[in-house]
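Accompanying notes for the structure given below.
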Amino acid sequence: MGLFDIFRRKSPAASAADAPPVPRGLEKNIKKLLNKYLQPEERWSAVQAVVADQSDAAVDALLQRFTIFIEPSAVDDEEKEYIADALGGRGENILPHLQKALRKQESISWLVRIAGRILPRDGLRDLLLEVLSGFDTEYERNPERKIQLILALADFPEEAIAAGVVPFLEDVNETVRFQTVTTLFAAGCDVVREPMLAAFLKEESVRVKTAILDGLLQTGWPVTGHRGEIEKALPKGYLLDRAGAIKKRPKA
């Protein structure tokens with residue numbers, strides 16, 4: 001069974017109407033789990049109780065715990081690490097729940113870590129790309145999910161991520177574009193040369209334009225097909241050599 005066959009199973013959202021009612025005891029523990037104002041000892045007993053429950057409702061509640069931040073931060077991290085270990089140990093059965101959370105939650109770094117404990121490297125890459133494909137480049141109130149997905153894909157320096165990430169060079173959000181540049185240069189594949197040159201010519205953000213310039217400088221990719229335009233757009237201190245590669249101008 002392939003990765004996306006797993007996601008084609010009946011999803012938690014699709015089966016919500018058929019789901020059995022949440023037992024009262026579990027419901028109470030979920031409320032405690034998600035109450036950041038409880039004393040740590042009281043909430044910890046609820047954490048353990050919900051982790052011990054194997055139901056879909058418990059899985060969704062445990063994933064929701066990653067949306068809550070409590071003080072002190074050391075306790076927060078301890079609880080989240082415990083929950084991440086428990087969910088990771090459940091294997092691919094929780095992947096539909098995890099995919100749903102990846103699409104909804106504002107911060108997904110913990111979710112990516114859990115997925116990495118369940119899936120092989122290629123499977124995690126494909127999951128991240130599949131979730132990213134659900135986003136477009138238009139305005140989004142909270143672009144943090146896109147940013148974190150693109151950041152996570154920087155751990156996969158391979159051509160396979162390029163097609164899924166390149167479109168976000170045109171995202172309306174400047175930070176999304178900046179992270180896209182970073183991730184694509186980390187991929188290190190020549191197929192991003194042309195879109196990166198095009199992005200350099202149209203980019204208005206100094207930060208993003210500088211990131212592209214630094215990447216082109218490090219890779220040594222020639223600006224073939226765009227020499228005249230690139231030469232005019234280069235800031236002071238840079239030049240093109242005979243091969244069309246960007247170089248720093250020697251100091252006088």
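The values are calculated or read from the model by the stated rules, or taken from the named source; none is laboratory data. In this text the structure is predicted, and so the values were computed from the model without any measurement. When we count neighbours, we look across all protein chains shown, and the Cβ atoms used for this are built from the backbone with ideal geometry, even at glycine. For accessibility, only protein heavy atoms count, side chains too; no ligands or nucleic acids. Shrake-Rupley method; radii C 1.70, N 1.55, O 1.52, S 1.80 Å.
Observations, loosely collected:
- Computing FRET efficiency as 1/(1 + (r/R0)^6) for K32 and T182, where r is the C-beta to C-beta distance and R0 is 51 Å, gives about 0.80.
- Per residue accessible area in Å² of the range 154-252, where ligands, DNA and RNA are left out and the probe is 1.4 Å: 54
- Linear extension gain, Q64 paired with K236, 0.36 nm per residue minus alpha-carbon span: 56.9 nm
- Dividing the Cα radius of gyration of the chain by 2.2 N^0.38 Å, with N the residue count, gives 1.26.
- Under 14 Å, Cβ to Cβ, from K202 - net charge with Lys/Arg +1 and Asp/Glu -1: -4
- Residue order by solvent-accessible surface for E204, E130, E92 is E204, E92, E130, largest first, with ligands and nucleic acids left out and a 1.4 Å probe.
- The range 144-252, relative contact order [Cα under 8 Å, separation at least 6], %: 20
- Coarse-grained scattering of the range 182-249 at q = 0.12, 0.17, 0.26, 0.29 Å⁻¹, given as base-10 log I(q)/I(0) from a Debye sum over alpha-carbon atoms: -0.25, -0.52, -1.35, -1.69
- For the peptides 135-147, 176-188, the ranking by mean Cβ contacts within 10 Å, running from highest to lowest, is 176-188, 135-147.
- Our note on the geometry: Cα centres of the range 17-60 and the range 113-138, 27 Å apart.
- Spin-label model distance (nm) - K247 vs A160, 7 Å beyond Cα toward Cβ: 3.8
- Cα gyration tensor shape for the range 210-252, rounded if a/c is under 1.5, else prolate or oblate: rounded
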